[in-house]
Amino acid sequence: MKPLADIFHSAEARAHSETDEYSRDEVRLANRNSGALLETLGLDVTPTGTHYLLTHFDVPLLDAGAHELRFHGRFARPCTLTLDEIRAMPAETLPVTMECAGNGRAGVAPRSRSQPWIYEAVGTSEWTGTPLAPLIETAGPLADTVEISFTGADRGFDAGHLHAFGRSLTLQQLADLDVLLVYAMNGQPLLPQHGAPLRIIVPGWYGMASVKWLTDIEALAAPYQGYQQVKTYQFRDTREDVGRPITEIRVKSLMVPPGVPDWLTRARYVQAGRVDLVGRAWSGGGVPVARVEVGVGDDWFDAELEPSPGRYAWAKWRFAWDAAPGEHRLRCRATDANGAVQPLDAPWDVSGFANNAAQVVDVLVVKPSG
């Protein structure tokens, strides 16, 4: 990137053309999907309209009044439930921070050609539904059941494979996780793009597990072999690796970029003096964040960390920065209660999954005018 002073003070600093850093396919994906606005990190709950979206295929437009959810396969008591029947069951509302497994992919080099997320594929919503475990228990998995699969109505091709999006959880995972069968988001019925009329939420895991537009729950006597379970969403050191399943979210933090931005580069322009930095930090599996540090250049300072609003929700942090004139690079990093520390450099993965490297915000600080 050009020197910050040039960005903010020279009309010639903006290039009229660039080499092709992103493919046309990636640009098309970026136009279909959307990240949260980093300025909304100041809010406990991400407004529904700015919660990130990752849609693999087309958004199914389903009739809530006619929608049915099938429990089938190795169940002793297979059944079909309507949305009204599900809404009549005991309800629970859970604040959950959800992050796309591909968030940060653009910061991994060489980059896998896919949705080019930088930082914004994360958000926290209050999800309302009924706990899934009692429904599974009522359907009665047979003794040979090893996994439960979840299939959505979205369907398409990936790497030449035609399939409906689906994922699975083992019986032990279902016993350990507070999975919800969800029909509302932030107090309103699910929007089409967020999985209406039914989806699951798997708290503490990356978003790929929270299947949208849910149509089928199947008990299986053998591990699920769906494409999105075994062919992608796996950590791989090389493309030939069998892979290691992606599950819990890695510890991470983000800040609201201070000051005002340059339109193209998003570099920041700040007046000298006290600048109140705020942000959010989270980890997976219900593990709380224990510490957040703010980096100013090579120096690191402890931020003030507030309690999380829920076991699976992010925590707010704040730090008063005495901003001196000049060019500065700000970062933030979190440590969770298990001792996992957010790295400064991107961890390697062939597909760029789960990059939790510290956010970088470049800031030009100027003396107040007058």
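Candidates are the residues of the stretch 186-196 that are surrounded by fewer than 22 Cβ atoms within 10 Å (Cβ to Cβ) and either without any contact (Cβ under 8 Å) to a residue 40 or more places away in the chain or closer than 16 Å to ALA91 by Cα (or both); the one that is nearest to the chain's Cα centre (by Cα) is ASN186. Within the stretch 110-118, none of the residues are outside any loop (DSSP other than H, G, I, E, B), of a type in the set (Phe, Trp, Tyr) and outside the structural domain of ALA315 (by TED's automatic domain parsing). Number of residues in the stretch 106-127 that are out of contact with any His (no Cβ under 8 Å at 6 or more places or on another chain), crowded, with 18+ Cβ neighbours inside 10 Å and under 14 Å from SER34 (Cα atoms) equals 7.
Of all the numbered requirements in (1) basic (Lys, Arg); (2) assigned by TED's automatic domain parsing to the domain that holds PRO134; (3) at pLDDT 95 or above, ARG268 misses one, and that requirement is (2).
For the stretch 128-150, a residue qualifies if it is among the hydrophobic types (A, V, I, L, M, F, W, C), under 26 Å from the mean Cα position of the chain (by Cα) and surrounded by fewer than 18 Cβ atoms within 10 Å (Cβ to Cβ), and exactly one does: ALA133.
A count restricted to the stretch 324-363 and to residues that are among the hydrophobic types (A, V, I, L, M, F, W, C), crowded, with 21+ Cβ neighbours inside 10 Å and part of a strand (DSSP E or B) stands at 5.
Summed over the stretch 284-334, the residues that are hydroxyl-bearing (Ser, Thr, Tyr) and more than 27 Å from THR93 (Cα to Cα) give a count of 0.
The values are calculated or read from the model by the stated rules, or taken from the named source; none is laboratory data. Worth saying up front: this structure is predicted, and the values here are computed from it rather than measured. We place every Cβ from the backbone using ideal geometry, glycine too, and count neighbours over all the protein chains shown.
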